[in-house]
Amino acid sequence: MCYNINMKQAFANTLKTYKRMLPMMFGILLLINLLSPFLKNYYTNIFTGNYILDPLIGALAGSVSFGIPITSFIISGELLKEGISLLAVSAFILTWATVGIAMLPLEISFLGKRFAVYRNLINFFFGIIIAILTILTLNLIT
């Protein structure tokens, strides 16, 4: 009997959370969809060819971009075709999937400012580190 009451309360709390979250999520997704085509056209123009700056640029571009991982793979393939380094593209994919600057307000409202900011900063820096380690590993193997 007690289990049913707790389950009903949990369901009610979940519905309240979704009601509070949906307007903010809708606005963020609308903004992302408006900016995404603009950003996709300029990816090839922002990379310098510098092996020190490109991972940072890739990580920044991936952090402000937002989308599903399948889309990042398609964009990454196009970037590689344009001659952008695998290092920059790796940093781009990693931060695309793990850092969400666009979703930061939503994340802050549900998880707290400190946690959201630290999580994104850690993922940003580790995205660059993992991209570098990935390229070093590939160079050692081949």
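Points to keep in mind about this one:
- Within the stretch 99-142, restricting attention to residues that are touching a residue at least 60 places away in the same chain (Cβ under 8 Å) and within 20 Å of I57 (Cα to Cα), the residue that is farthest from the chain's Cα centre (by Cα) is I132.
- For the stretch 116-142, filtered to residues that are surrounded by 12 or more Cβ atoms within 10 Å (Cβ to Cβ) and among the β-branched types (V, I, T), the residue that is nearest to A102 (Cα to Cα) is V117.
- Scanning the stretch 66-116 for residues that are at pLDDT below 80 and part of a loop (DSSP other than H, G, I, E, B) yields F66, G67, I68, E82.
- Checklist (1) over 16 Å from the mean Cα position of the chain (by Cα); (2) buried (at least 17 other Cβ atoms within 10 Å of the Cβ) applied to E82, failing item: (2)
The values are calculated or read from the model by the stated rules, or taken from the named source; none is laboratory data. Since the structure is predicted, the reported quantities are computational estimates derived from the model, not experimental observations. In this analysis, Cβ positions are derived from the backbone assuming ideal geometry, glycine residues included, and neighbour counts consider all displayed protein chains.
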